[in-house]
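Engineer: Here it is: the structure, laid out below.
The values are calculated or read from the model by the stated rules, or taken from the named source; none is laboratory data. Predicted, not measured: the structure shown is a model, and the values here were computed from it. Reconstructed Cβ throughout: ideal geometry from the backbone, glycine too, with neighbour counts over all protein chains shown.
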Amino acid sequence: MTMAKRSSSEAMAWLLFSAGGVVSALLVPVLLLLSGVLFPLGLLVPEHAHLAAVLGHPLTKVVLLGLCMLALLHWAHRFRYTLYDGLRLKRLSVPINLLCYGGALAGSVWAAIVLF
Amino acid sequence: MPDTITLQVARYRPDADAAPTTQEYVVPLREEWAVLDGLNYIKDRLDGTLSFRWSCRMGICGSCGMTVNGNPVLTCGTFLTDYAPGPIRIEPLANFPVVRDLVVEIEDFLRKLPAVKPWLVREDEQGVDDVEFLQTPAQLAEYQQYSMCINCMLCYAACPVYALEPDFLGPAAIALAQRYNLDSRDQGAHQRLDLLATAQGVWACTYVGECTSACPKGVDPAGAIQRYKLTAATRTLRSVLMPWAAR
Amino acid sequence: MSELTRESPAQGAHPLPAGPYRPRTSVFWWVRRRSYLLFVLRELSCVFVAWFVVYLLLLVAAVHRGNDAYQGFLQWSGQPGMLVLNLVALAFVVLHAITWFNLAPKAMVVRLHGRRLPSRIVAAGHFTAWLVVSALVAWLVVG
């Protein structure tokens, strides 16, 4: 019988999606609570010098770059399936893939430039 | 408790209707009556033209699955009193073509099921006369849950991915593939990989999880699919990183 | 997968299809059931994960530009609109974390002394790790 081919790209996309899901679940809530809510409200405002020192540490840079790349790959996979199924746009899979993975790639390059 | 309940039953007669219609029947409301008993009352006493499938009345044959008040259930295990005072809406299983009234076309599932080779695949051709395949209780526990599947297709009716993507292999077929993949006597896992690790196999699943909620036998197809995604992804990764390693 | 392909749905032009009735799936299938809606909300959490990356990089860029830019960023992010956006984003990423840690044990089989750990224990391990990592990050950032 004829069969669809085993898809190694889907397997890789899922692995990266899952890795991104784990690191996002672990790190994003606390980072967003601090930087998006507590800092702006003035409830907890770290000194500029302290933040600059933390962000200047090579380990922070590597961890944040990894987080940004994996989080974007997580977004790319989930968002493309949301468009496929939620909006029934499977027929547009080529532009959707370009948008999602192109976006993730561009974001990763931007992250590397900003962080290093 | 009132002594009757109204059943709003979906009717579809392919020679007369362009789309399903609803017909109301009033049946006795008895404590020990399942929805299926209500349907049989209609068939025997009120309207012999109503068509539906059923057989064992005890949750084993898997043929009386229908949509009751929007949920896919086995009508033999769903009691009228749980919906009192009613009315109760009874429709055919969702996501399948309707042949007539409450009868759906199951050809698609019957094509997909054997495709995953749901039997013990052996590389040696020895029969039971030559060799015994012994198994420990721990080895049995590895797959026993998945072996409870009765092919009732409630999981297909619950799955929005199957509704959107009719080529999706689907929850029960993948769970049954896992039932044999995880069996210590089976040697066919690599044959099933070629069908399961495809865009129409496990990768189509976005883990809505409704198949597991709908399953009347506690099989947890969603869990089986998730587990298989990890297996398939690690195997694929290995074959990409080490193409020289066989399988 | 030709053998597994269903025949295409009958066209609606015939007044009497005289064959199986094939219901169509609406674009809004996900409002039909509460569980489907929750699923779509869970999937949409990824948009806010991506938003967080953008927001984080803007913050890091501001910090790198010096104290003035950093204070400017804090002022910009303190506007009511930004705060509401970030609170909504926070709700979604928390939804992501909770659903993720609840579902992850389904894919993982963790064994201890040859016996499979119940998924509740595996999930509890994930939630503990979440707590520890969050505390560590907060301590590091606040100093």
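Engineer: Those residues that are within 9 Å of chain C (Cβ to nearest Cβ) and either over 23 Å from B:Gly38 (Cβ atoms) or in a helix (DSSP H, G or I) (or both), I need them from the range B:87-110; list them, please.
Structural biologist: Within the range B:87-110, B:Asn95, B:Pro97, B:Glu105, B:Glu107, B:Asp108 meet the criteria.
Engineer: Looking at (1) crowded, with 20+ Cβ neighbours inside 10 Å; (2) at positive phi, which is the only condition B:Val161 fails?
Structural biologist: (2)
Engineer: Oh, and also: Could you say which residue among A:Leu59, A:Leu26 is assigned to a helix (DSSP H, G or I), in contact with a helix residue (DSSP H, G or I) (Cβ under 7 Å, 6 or more places away or on another chain) and among the aliphatic types (A, V, I, L, M)?
Structural biologist: A:Leu26
Engineer: Still on this structure, I have one more. Just to be sure I understand, how many residues within the range B:212-228 are under 20 Å from A:Tyr84 (Cα atoms) and out of contact with any Ser or Thr (no Cβ under 8 Å at 6 or more places or on another chain)?
Structural biologist: The number of residues fulfilling the criteria is 2.
Engineer: Given the options B:Cys155, B:Cys159, B:Cys211, B:Cys205, name the one that is under 14 Å from the mean Cα position of the chain (by Cα) and closer than 30 Å to C:Gly114 by Cβ.
Structural biologist: B:Cys211
Engineer: Here's a follow-up. Could you tell me whether B:Ala19 is under 21 Å from C:Gly19 (Cα atoms) and within 15 Å of the chain's Cα centre (by Cα)?
Structural biologist: In short, no.
Engineer: How about the range A:99-116: which of its residues are modelled with pLDDT of 95 or more and loosely packed, with under 15 Cβ neighbours inside 10 Å?
Structural biologist: Passing the criteria: A:Gly102, A:Leu105, A:Ala106, A:Val109, A:Ala112, A:Ile113.
Engineer: Being part of a helix (DSSP H, G or I), hydrophobic (A, V, I, L, M, F, W, C) and within 17 Å of C:Gly143 (Cα to Cα) is true for just one of A:Leu16, A:Leu33, A:Leu70, A:Leu98. Which residue is that?
Structural biologist: It is A:Leu33.
Engineer: Let me ask something else about it. Among the basic types (Lys, Arg), farther than 14 Å from C:Leu57 by Cα and assigned to a helix (DSSP H, G or I), is that true of A:Arg88?
Structural biologist: Answer is no for this residue.
Engineer: Here's another thing I want to ask about it. Within the range B:111-171, which helices (runs of 4 or more DSSP H) (wholly inside it) include 3 or more residues that are more than 10 Å from chain C (Cβ to nearest Cβ)?
Structural biologist: Here the list reads B:137-143, B:154-158.
Engineer: Can you tell me which residue is surrounded by the most Cβ atoms within 10 Å (Cβ to Cβ) among those in the range A:52-88 that are more than 8 Å from chain C (Cβ to nearest Cβ) and basic (Lys, Arg)?
Structural biologist: Across the range A:52-88, the extreme among qualifying residues is A:Arg80.
Engineer: Take the residues in the range B:208-247 that are of a type in the set (Val, Ile, Thr) and within 14 Å of B:Ala172 (Cα to Cα), then tell me which one is farthest from the other protein chains (Cβ to nearest Cβ).
Structural biologist: B:Val219
Engineer: Tell me, which helices (runs of 4 or more DSSP H) lie completely within the range C:27-143 with 2 or more residues that are surrounded by 15 or more Cβ atoms within 10 Å (Cβ to Cβ), within 7 Å of chain A (Cβ to nearest Cβ) and among the aromatic types (Phe, Trp, Tyr)?
Structural biologist: The qualifying helices (runs of 4 or more DSSP H) are C:34-65, C:80-107.
Engineer: Could you list all residues from the range A:1-44 that are surrounded by fewer than 20 Cβ atoms within 10 Å (Cβ to Cβ), more than 7 Å from chain C (Cβ to nearest Cβ) and either within 17 Å of C:Leu58 (Cα to Cα) or small (Gly, Ala, Ser) (or both)?
Structural biologist: A:Ser7, A:Ser8, A:Ser9, A:Ala19, A:Leu38, A:Gly42
Engineer: For A:Ile113, all conditions in the list (1) under 16 Å from A:Phe17 (Cα atoms); (2) facing another protein chain (nearest Cβ under 10 Å) hold save one; what is the number of the exception?
Structural biologist: Every listed condition holds for A:Ile113 apart from (1).
Engineer: For the range B:172-207, name all the residues that are of a type in the set (Lys, Arg) and more than 14 Å from chain A (Cβ to nearest Cβ).
Structural biologist: Correct list: B:Arg179, B:Arg185.
Engineer: While we're on this one: Somewhere in the range B:121-142, is a residue in contact (Cβ under 8 Å) with a residue 60 or more places away in the chain, within 18 Å of the chain's Cα centre (by Cα) and not assigned by TED's automatic domain parsing to the domain that holds B:Ala19?
Structural biologist: Checked the range B:121-142: no residue is in contact (Cβ under 8 Å) with a residue 60 or more places away in the chain, within 18 Å of the chain's Cα centre (by Cα) and not assigned by TED's automatic domain parsing to the domain that holds B:Ala19.
Engineer: So how many residues does the range B:189-219 have that are of a type outside the set (S, T, N, Q) and under 19 Å from B:Gly59 (Cβ atoms)?
Structural biologist: Result for the range B:189-219: 7.
Engineer: With A:Leu51, A:Leu32 as the choices, which residue is within 14 Å of the chain's Cα centre (by Cα), without any contact (Cβ under 8 Å) to a residue 12 or more places away in the chain and farther than 28 Å from B:Pro160 by Cα?
Structural biologist: A:Leu32
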